[in-house]
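Beneath this line is the structure, given in structure tokens, with notes to follow.
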Amino acid sequence: MTDKHFGVLGIGVGPANLSLAAQLYPYRDLPSVFLDRKETFGWHDGQQIPGTSLQVSMVKDLVSLADPTSQFSFLNYLHDQGRIYHFVNAQFDAVPRQEFRNYLEWASRHMKNIVFGEDVRSVDFDGVFHVRTDERVLTADNIAVGIGRKPWIPPAGQGRHTPSQFHVGEFVDKAVGLGGKRVVVVGGGQSGAEAFLDLISREGAELPSRVSWFSRRRNFLPIDDSPFTNDFYMPCYSEYFYGLERETRERINQDNLLSSDGISESTLRAIYQRTYHHRFIARSPGLIRLYPNREITGVTEAGPAWELTVVNKDRPAEPQHVQTDVIIWSTGFHTGPLELLAPLADRLEHDGAEYRVDQDYAVRWDGPGDRNIFIQNGTSAQRGLADKNLSLLAWRSQRIVDRLRGVQREQQLSSFVAWADDASEPDELRRSV
Ligand SMILES: Cc1cc2nc3c(=O)[nH]c(=O)nc-3n(C[C@H](O)[C@H](O)[C@H](O)COP(=O)(O)OP(=O)(O)OC[C@H]3O[C@@H](n4cnc5c(N)ncnc54)[C@H](O)[C@@H]3O)c2cc1C
């Protein structure tokens with residue numbers, strides 16, 4: 001491909017930038033390209049554990065909540081594949097994660113401006129952005145960074161990446177051949193729960209001899225998916241949140257963590273039932289160990305095995321020691337520093353550890369107003385927990401597209417809840433932009 005100039009250059013092709021690409025698709029006057037370092041499309045393929053499901057409604061796809069008429073909806077995918085009746089008749093409680101992944105891949109195949117196998121190394125600016133990849137330099141008027149979040153392991157496990165100690169993001173490839181071994185899963189969110197359920201569901205020679213599950217949370221706690229909690233995942237709440245002081249925003253995200261990072265009830269039920277089976281029916285009472293409210297403060301080598309130092313948070317002065325053959329860190333993902341923006345670092349504003357964005361997700365900087373660096377899935381401290389999941393994906397992309405086109409489309413009605421104090425007029429009558 002020859003070097004070219006683009007109106008928009010997207011870095012990363014996960015759901016976030018795929019949504020932007022889908023919503024830019026009708027506007028051919030705004031040439032765009034989206035680059036991903038992976039050789040082919042993937043969506044958390046290391047965690048495509050059989051039986052896992054989406055934790056949000058299928059309507060929270062790339063486009064539907066912003067533009068239900070788009071050809072890139074999940075429903076159109078089903079229809080295009082000839083399976084829309086089967087999907088309805090299957091009566092899934094939630095969309096199988098693998099099927100949603102296949103939908104995303106289908107969308108990526110239908111856009112000609114998506115390029116896999118190209119790693120973006122750095123972005124610089126001299127009137128236009130210069131994007132250096134491992135193959136070439138491209139220029140663009142605007143950049144959309146959608147590189148996702150990085151696996152995170154707590155200090156006790158850092159630097160010990162071996163076949164017997166790994167992040168859950170590599171589960172599919174690495175959690176093999178564990179029959180007869182002692183396995184520890186650390187982390188009480190959905191990923192930890194899925195890994196634990198998979199391990200205790202293995203049959204015969206594939207079944208580990210012991211599977212222990214540790215969580216810092218008080219118990220193995222469910223996601224809060226109730227109606228008013230879901231109002232936190234509406235555009236109007238994101239706008240309200242954006243206007244608050246940083247300390248308040250931090251407290252809200254902490255208070256509401258389970259609305260995003262809790263475990264699906266169906267997963268909890270399956271774990272409980274499997275535990276019942278092993279304890280009372282299969283009579284293998286030693287297999288499963290459940291340890292909430294525990295912190296792993298250290299990991300040392302113990303011959304070919306590992307020894308964990310475990311602190312019960314109710315008895316911090318009496319640490320325990322647990323030996324295991326394998327440790328699976330299901331301790332989440334974090335937004336690391338965006339090294340590829342390093343050449344521009346002095347010109348970009350910060351908000352704590354994040355780049356400070358304006359209302360359209362463009363980083364505030366000292367460059368010209370019509371040259372933007374949009375950040376997707378990197379501003380949860382400014383935009384709330386919805387920033388890192390699928391809920392506001394379509395809306396966020398619409399905001400970016402509108403900014404690029406210099407228009408403001410009509411928004412959906414506000415929440416029933418009056419988040420702000422100025423609720424003098426019934427806000428369900430206002431379709432504010
Ligand atoms: C297992 C799992 C399940 C999830 N399930 C749900 C769910 O059910 N509901 C929900 O709301 N949220 C869910 N999430 C959270 C969130 O929706 C996903 O993490 C989502 O993938 C985030 O999309 P993204 O595009 O921001 O990042 P990613 O999907 O991580 O995509 C980023 C892309 O950028 C590429 N990239 C990175 N650096 C570069 C570079 N320098 N150059 C080129 N390319 C680069 C990567 O290869 C990657 O393809 C889940 C997360 C995980 C881990």
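Quick rundown of the values:
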read-out	value
Among GLY146, MET234, GLY159 - extreme Cα towards positive end, dipole of the stretch 137-274, charges at beta-carbon	GLY159
Amide proton proximity set for SER212, modelled H, under 5 Å, gap of 5+	VAL183, VAL184, VAL185, ARG289
Label zone at ASP80 (point 7 Å along Cα-to-Cβ), backbone N below 15 Å, the stretch 26-44	26, 41
C-alpha long axis of helix 190-200 to longest principal axis of the chain, angle in °	40 degrees
Over the chain, relative contact order from alpha-carbon pairs under 8 Å, at least 6 apart, %	20 percent
R0 of 41 Å, Cβ-Cβ distance ASP29-ASP224: FRET efficiency to nearest 0.05	0.40
Solvent-accessible area of LEU257 with every protein chain in place, 1.4 Å probe, in Å² to the nearest 10	50 Å²
Integer Hz, Karplus 6.51/-1.76/1.60 couplings in order for the stretch 101-107, x for Gly and Pro	4, 5, 4, 4, 5, 4, 4
Phi to ³J(HN,Hα) by Karplus 6.51 cos²θ - 1.76 cosθ + 1.60 over the stretch 331-339, Hz, x for Gly, Pro	9, x, 10, 9, 8, x, x, 8, 4
Anisotropy class of the chain from Cα gyration tensor, a/c 1.5 cut	prolate
Nonlocal amide H pairs with PHE125, under 5 Å, H built at 1.01 Å	HIS130
The chain, helix-only ellipticity at 222 nm - DSSP H runs n ≥ 4, -39,500 (n - 2.57), divided by all residues, nearest 500	-6500 deg cm²/dmol
Nearest-ten-degree value, helix 265-276 long axis tilted from longest Cα axis of the chain	10 degrees
Solvent accessible area, Å² - ARG246, 1.4 Å probe, full protein context	90 Å²
Pairwise centroid distance, computed over Cα atoms, of the stretch 314-363 with the stretch 1-33, Å	27 Å
Accessible-area value, LYS181, 1.4 Å probe, nucleic acids and ligands omitted, Å²	80 Å²
Nitroxide proxy distance, nm - points 7 Å out along Cα→Cβ at VAL172 and ASN102	1.3 nm
Using a Förster distance of 60 Å, the FRET efficiency for ARG371-ILE281 (Cβ separation, nearest 0.05)	0.40
On Cα atoms only, tilt of 15-24 relative to the major axis of the chain in degrees	20 degrees
Euclidean distance of C-alpha centroids, the stretch 256-293 and the stretch 174-210, integer Å	12 Å
Gain on full stretching of the segment that runs from ASN113 to TYR242 - 0.36 nm per residue minus C-alpha separation	43.2 nm
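The values are calculated or read from the model by the stated rules, or taken from the named source; none is laboratory data. Everything numeric in this text was worked out from a predicted model, so none of it was measured. Neighbour counts run over all protein chains shown; Cβ positions are idealised from the backbone, glycine included. For accessibility, only protein heavy atoms count, side chains too; no ligands or nucleic acids. Shrake-Rupley method; radii C 1.70, N 1.55, O 1.52, S 1.80 Å.
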